[in-house]
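Working notes for the structure below.
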Amino acid sequence: MTPFSLLAPAIARDVLDHALALGADFAELFVERKRRSQLSLLSSQIENISGGLDFGIGVRLCYGHKVLYGYTNLADRNELLRIVTLLAAKDRRDPVVTATAFDFTRLHDRNPIALPLSADKLLEQKIAYLHAMDAAARAESDKVSQFSGNVLGWEQEVEIFNSEGV
């Protein structure tokens, strides 16, 4: 597995080979893991602290101009093969046997994050930031009676495997 591997390359290869064997002209797996967090402040009180992790794999098969799509949140080989089989049943063609070896090119991070959600964070810093926003809003006028503020964040990791070796 590569250092940045959400899905084992061997599983991806098996799934893409299966798609080609079922006649797809092109097959692709889009693997995504997204971390998210949210803090909300209302009337100088922390109202909500939440976060989560979303994970999913999209499967796209192309048959000429026809595109078939399915998805799952399981990185299980048998589940992915099952989805490919179900999709391929919509448009069976002669097998294509031109699989290409994967090129594990890692793209340059165009939007690097200074404090990723996956790293240890001080929740107190975010809470202090919300309270500072609340204080600044209230300092603008004695007519400010309520302030609502949010700190939102998300971190996304993506892998794409396709039958052309990307």
Residues whose built amide H sits under 5 Å from the amide H of PHE26, excluding neighbours closer than 5 in sequence, are CYS62
Within straight cross-link reach of LYS34, meaning Cα distance under 17 Å, which aspartates and glutamates are found once same-chain residues fewer than 8 apart are removed?
ASP54, ASP109, ASP120, GLU155, GLU157, GLU159
Length released on extending from SER50 to TRP154, taking residue separation times 0.36 nm less the Cα-Cα span
36.3 nm
Can you send over the carbon and sulfur percentage of the accessible area for segment 25-74, probe radius 1.4 Å, protein chains only?
50
Ranked order, HIS131, HIS108 - accessible area, probe 1.4 Å, largest first:
HIS108, HIS131
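Run through every distinct alpha carbon pair of segment 1-95 and return the Kirkwood hydrodynamic radius in angstroms, one decimal place.
Over segment 1-95, the inverse of the mean reciprocal pair distance is 15.1 Å.
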Ranking by accessible area, most exposed first, for ASP142, ASP25 with a 1.4 Å probe:
ASP142, ASP25
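The values are calculated or read from the model by the stated rules, or taken from the named source; none is laboratory data. As the structure is a prediction and not an experimental result, all values here were calculated from the model. Ligands, DNA and RNA are excluded from the accessible area calculation, which covers all protein heavy atoms including side chains. Shrake-Rupley method; radii C 1.70, N 1.55, O 1.52, S 1.80 Å.
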